[in-house]
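As structure tokens, the structure follows; a few thoughts come after it.
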Amino acid sequence: MAVTVHNPRFSNLTALKSAKPPAHSNAAARAGTRRLGSSSGVKCYQGQASQLENRRVTLKNGGDSLDICRVLNGMWQTSGGWGRIDRDEAVDAMLRYADAGLCTFDMADHYGPAEDLYGIFINRVRRERPPEFVDKIRGLTKWVPPPVKMTSGFVREAIDVSRKRMDVASLDMLQFHWWDYSNPGYLDALKHLTDLKEEGKIKTVALTNFDTERLEIILDHEIPVVSNQVQHSIIDMRPQQKMAELCQLAGVKLITYGTVMGGLLSEKFLDTNLSIPFAGPPLNTPSLQKYKRMVDAWGGWSQFQAVLQTLKKVASKHGVKIPTVAVKYILDQDPW
């Protein structure tokens, strides 16, 4: 069972009222001159609590356990490149996501003010919502350190910074990334993170963008990671290869991102020709540019159009939009 990180617009949250998963696009906590999430004031936490229970999943490894939403609010768009962030509007948007049942937020130490925004948000939740509502909120963050010597003090200091910014005594999940596999210091870092978990400063330890070989090494060292966050979409099927088999054997869940490819997997880009200057929608965000490069490497824009046309037929049959089909496909993948 996969868990997917999405970057939604509020106008799509009404899909939560049906038995189908919500439709999502690529704009999360996005600011600038446009009001963030101003199109909807959805408040459904009082009436939909029981209905939304089956939209959660429990991540486990040994005695470690954390239940989260199966669809997460990704906060990469606060890291820069999407325009100015209005703090109050961003926090208002986060509160409306939570009210609609999307109450798990995924961020990182390097996503601009993401952790600070979560800290402001969680304090509003504590003041303005009942205790049972607060108990369902989850804040997942990432730590992406330089590949230097991983001492206990260095790791502890970094985690304390995130705890302070997010205003929590214990991080719900710390997702760790390491970008130099020639340096085995990632094992030292994970050992220190596990120690901090035992101290109660972290509830669960996880990974982000680790490959299958290194994930197997980590598990062989009996480090209890509950998940690995990787890029996965109907176009990028790499996790379905070796990673899927290992996750099935080890009971590690996958949290996926890029599931709607920054918005490329949507009606907006159907029947477009980006080879003609100014003829199609602009690729005006870092995520659209990133995933357009992936399309080029995968098979090109013409082949991508064929996929969009097929997705549109499926979406029309079920009365939903292309992003809904793209997300549902990943959520339904075995063995997660």
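The values are calculated or read from the model by the stated rules, or taken from the named source; none is laboratory data. Bear in mind that the values here come from a model prediction, so they are computed numbers and not experimental data. Virtual Cβ from ideal backbone geometry, glycine too; neighbours counted across all protein chains shown. To get the accessible areas, we keep the full protein, side chains included, count just its heavy atoms, and leave off ligands, DNA and RNA. Shrake-Rupley method; radii C 1.70, N 1.55, O 1.52, S 1.80 Å.
Remarks
- Matching residues, segment 103-117, being surrounded by fewer than 24 Cβ atoms within 10 Å (Cβ to Cβ) and either in contact with a Gly (Cβ under 9 Å, 6 or more places away or on another chain) or part of a loop (DSSP other than H, G, I, E, B) (or both): 108, 109, 110, 111, 112, 113
- Residue within segment 251-261 that is open to solvent by 70 Å² or more (accessible area, probe 1.4 Å) and small (Gly, Ala, Ser) present: no
- Test set (1) in a helix (DSSP H, G or I); (2) open to solvent by 10 Å² or more (accessible area, probe 1.4 Å) - residue 235 fails condition number: (1)
- In segment 76-97, the residue that is nearest to residue 231 (Cα to Cα) out of those that are in a helix (DSSP H, G or I) and among the basic types (Lys, Arg) is 96.
- Leading residue by the ranking (surrounded by the fewest Cβ atoms within 10 Å (Cβ to Cβ)) among those in segment 270-291 that are in contact with a Gly (Cβ under 7 Å, 6 or more places away or on another chain) and not hydroxyl-bearing (Ser, Thr, Tyr): 273
- Residue 146 meets the conditions (1) under 18 Å from residue 108 (Cβ atoms); (2) surrounded by 12 or more Cβ atoms within 10 Å (Cβ to Cβ); (3) out of contact with any Leu (no Cβ under 6 Å at 6 or more places or on another chain); (4) not polar (S, T, N, Q) in every case but one. The failed one is (2).
- Qualifying residue in segment 270-285 (condition: assigned to a helix (DSSP H, G or I) and touching a residue at least 24 places away in the same chain (Cβ under 8 Å)): no
- Among residues of segment 164-201, those that are open to solvent by less than 50 Å² (accessible area, probe 1.4 Å) and of a type outside the set (Gly, Ala, Ser), counted: 21
- Selection from segment 202-230 of residues that are assigned to a loop (DSSP other than H, G, I, E, B) and open to solvent by 40 Å² or more (accessible area, probe 1.4 Å): 203, 209, 211, 221, 222
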